[in-house]
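**Q** I'd like to ask you about the structure that follows.
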Amino acid sequence: MADVMTGPPSGAEGPLIFVCDDEMLIRIWFEEHLGDAGYRVESFGDAESLVSRVNASPPDLILLDINLPGMSGMDALPRILERAPGLPVIMITAYGAVELAVAAVRAGAYHFTEKPVTLAAISVLIEQALEASRLRGEVQRCRAGHRWQFTGVTLVGRSPAIRSVAGQIERIGRLGTPATILVHGESGTGKDVVARAVHALGPRVGMPFIDVNCTALPEHLIESELFGHEKGAYTGADRAKEGLFEVAHGGTLFLDEIGDMPRPAQAKLLQFLETHTFRRLGGVRDIEVDVQVVAATNRDLKAGVASGEFREDLFYRLNVVPMFLPPLRDRPEDVEPLMAYFNEQLAATLRRPPKRFTDLVIRAFEGFEWPGNARQLRNVMERLALFHDEEVIDIHHLPPEFHLVREGESHQFVLPPGGVDLEAVEQDFIEQALRRTDGNKTRAAEFLGLSRDTLRYRLEKYGLT
């Protein structure tokens, strides 16, 4: 392998690396080669100076010798990680001191390398450490923004319910279980997002993900679509056809609205889940495929079992790993993160600057019932982005079907043909804020995003004393 160190892209400001070693020639060697590779380098001859510099401003990565005069690298490591948790530290150890280096890794170091250091080995370690640090930072930023990223699939929300679902997805992906999953939730809650996240985070990523809406398939064709048919199986079957289970081999089959699947197809699905084999319609040969089934329903399948519409044995076979997505009206704390996410998406799609929403709009969105859940929220956001050129969306921009929620009741907010009475809307929200704060004007002003003097003026204006 050529003795060449790769680094950041040309023209980019390289990551900052601290090198700590008591041997001057080693420090010069690192400064020269890391600098040639595009990294910024600061070197230190003792751990005390290094720790002091890290406390002032942490770098992107540290190369730290274990055996140093005075404070050792092992002593410096916990002080560094206390100031900068997650900072990648690569320990440099003398030949034969691997046990000490392993102890350093257990204490939080990223990895270690033995002296004499080779350029090829340290280059790979640095690139891997920086990439791992970048990915960890991305995950932390996503979670801080109430987003979980699963290889191109994003789950958004800060409610306990969404955090629980995200945790389940991560655990399923980590274990790589092929267990059948049943996602319960109303239409529009994001059941398909959960299914795609399970696929993306698991060992089947890169294999087919087949999305099937059981409601959209004609009853007389659903068996043929799912399991395929042989030539002559029915009138018009002039050739053999693979079913979606065969197409999904090695991957995931997502059966949306499983509660609408006809009973004959339910029996065949149950057989597949128990044996991992099926027969094409009109066939005599068992076909074995490796497919993970994720099903979803917006119906109460237990009620379907009681009425005889849904097979009890199939329900329990599907419900190995149950996951629940509550309606958006039951998790209003997820509304604002979803608004931010959809706003970014729409801005990129429409090539327009993202909209800004007043506090009144956000509070109104949080109080809306959202019968269509997150799908309806996105549709409303798209409508506002398409038909309003203003940068700031205020309460009077909301569509006619929108509801404003009062304490304990709701009333229709309809835009009249001649426009909207903004003063009436403003007065209504001030009254709601005063009721929520038990008449406390300071808290009401904070709730409305107004100064106390501005609120006092409006109270006098509307006679709300």
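The values are calculated or read from the model by the stated rules, or taken from the named source; none is laboratory data. Please read these numbers as outputs of a predicted model, since none were measured by experiment. For neighbour counting, all protein chains shown are included, and Cβ atoms are generated from backbone atoms with ideal geometry for every residue, glycine included. All accessible areas refer to the heavy atoms of the entire protein, side chains included, with ligands and DNA or RNA removed. Shrake-Rupley method; radii C 1.70, N 1.55, O 1.52, S 1.80 Å.
**Q** Classify region 17-126 as rounded, prolate or oblate from the Cα gyration tensor: take a ≥ b ≥ c as the square roots of its eigenvalues, call it rounded if a/c is under 1.5, otherwise prolate when a/b beats b/c and oblate if not.
**A** Rounded, since a/c falls under 1.5.
**Q** Continuing with the same structure: Can you give the extra length, in nm with one decimal, that the chain gains between Lys441 and Thr358 once fully stretched, where that is 0.36 nm per residue apart less the Cα-Cα distance?
**A** Extending this stretch completely gives an extra 27.9 nm.
**Q** Per DSSP H run of at least 4 residues, take -39500 (n - 2.57); add these up for the chain, divide by its residues and hand me the 222 nm value, nearest 500 deg cm²/dmol. Walk me through the intermediate numbers first.
**A** On the way: 18 runs with 207 residues, N = 465.
For the chain, the value works out to -13500 deg cm²/dmol.
**Q** Here is a further query. Extension gain Arg279-Arg83, at 0.36 nm per residue separation less the Cα-Cα distance, in nm?
**A** Extra length from Arg279 to Arg83 when fully extended: 64.4 nm.
**Q** Direction-averaged shadow area of the convex hull around the Cα atoms of region 37-96, nm²?
**A** Result: a mean projected hull area of 4.6 nm².
**Q** On to the next question. Against the empirical 2.2 N^0.38 Å scaling, what ratio does the C-alpha Rg of region 234-391 come to?
**A** Compactness ratio reported: 1.45.
**Q** Which whole-number percentage describes the relative contact order of region 207-268, with Cα contacts under 8 Å and a sequence gap of 6 or more?
**A** The value is 48 percent.
**Q** What's the center-to-center distance, using Cα atoms, between region 318-332 and region 73-130 in Å?
**A** With region 318-332 and region 73-130 each reduced to a Cα centre, they are spaced 44 Å.
**Q** If you don't mind, another one. Carbon and sulfur atoms: what percent of the 1.4 Å accessible area of the chain do they account for?
**A** Details: 11980 of 23310 Å².
Percent of accessible area from carbon and sulfur atoms in the chain: 51.
**Q** Would you mind calculating the relative contact order of the chain from Cα pairs under 8 angstrom and at least 6 residues apart, reporting the percent as a whole number?
**A** 10 percent
**Q** Could you give the distance between the Cα centres of region 217-242 and region 381-402, to the whole Å?
**A** Cα centres, region 217-242 to region 381-402: 47 Å.
**Q** Next question, about the same structure. In nm, what is the difference between 0.36 nm times the number of residues separating Leu221 and Asp75 and their Cα-Cα distance?
**A** Computed gain between Leu221 and Asp75 is 45.6 nm.
**Q** Based on the alpha-carbon set only, what is the convex hull volume of the chain divided per residue, in Å³?
**A** Dividing the Cα hull volume of the chain by its residues yields 256 Å³.
**Q** Excluding residues fewer than 8 places away in the same chain, name every one of the aspartates and glutamates whose C-alpha is closer than 13 Å to that of Lys302.
**A** Glu312, Asp313
**Q** Considering Cα pairs under 8 angstrom that are at least six residues apart, work out the relative contact order of region 24-81 and quote it in whole percent.
**A** Taking the mean separation of contacting Cα pairs over the length of region 24-81, I get 30 percent.
**Q** Between Arg383 and Val205, how many nm apart are label points set 7 Å from Cα along the C-beta direction?
**A** Those two pseudo-labels are separated by 3.7 nm.
**Q** Follow-up question, since we're still on this one. Determine, at each q value in 0.21, 0.24 (inverse angstroms), the log₁₀ of I(q)/I(0) that the Debye formula gives when each Cα of region 158-203 is one equal point scatterer.
**A** Taken in order of the listed q values, log10 I(q)/I(0) reads -0.71, -0.90.
**Q** So, one more: Net charge around Lys268, counting only other residues with Cβ within less than 9 Å of its Cβ (Lys, Arg = +1; Asp, Glu = -1)?
**A** Its environment carries a net charge of 0.
**Q** Per residue, how much accessible surface does the chain expose to a 1.4 Å probe? Answer in Å², no decimals.
**A** 50 Å²
**Q** With viscosity set to 1.306 mPa s and temperature to 10 °C, compute the Stokes-Einstein D of region 201-275, Rh being the Kirkwood radius across alpha carbon pairs; µm²/s, no decimals.
**A** This corresponds to a translational diffusion coefficient of 120 µm²/s.
**Q** Another question about this same structure. Using a cut-off of 20 Å between alpha-carbon atoms, which aspartates and glutamates can reach Lys191, once sequence neighbours fewer than 8 places away in the same chain are excluded?
**A** Filter leaves Glu170, Asp211, Asp256, Glu257, Asp260, Asp300, Asp330, Glu333, Asp334, Glu336, Glu369.
**Q** Separate question: Looking only at Cα atoms, what is the convex hull volume of region 257-306 per residue, in Å³? Mind dumping the intermediate values first?
**A** Working: hull volume 4.4 nm³, N = 50.
Dividing the Cα hull volume of region 257-306 by its residue count gives 88 Å³.
**Q** Which of the three applies to region 221-326, rounded, prolate or oblate, going by the alpha-carbon gyration tensor with a ≥ b ≥ c and a/c under 1.5 meaning rounded?
**A** Taking the square roots of the gyration eigenvalues as a ≥ b ≥ c, region 221-326 is prolate.
**Q** What's log10 of I(q)/I(0) for region 121-262 at q = 0.11, 0.18, 0.19 Å⁻¹, Debye sum over Cα points only, no solvent?
**A** Taking Cα atoms of region 121-262 as identical point scatterers yields -0.56, -1.09, -1.16.
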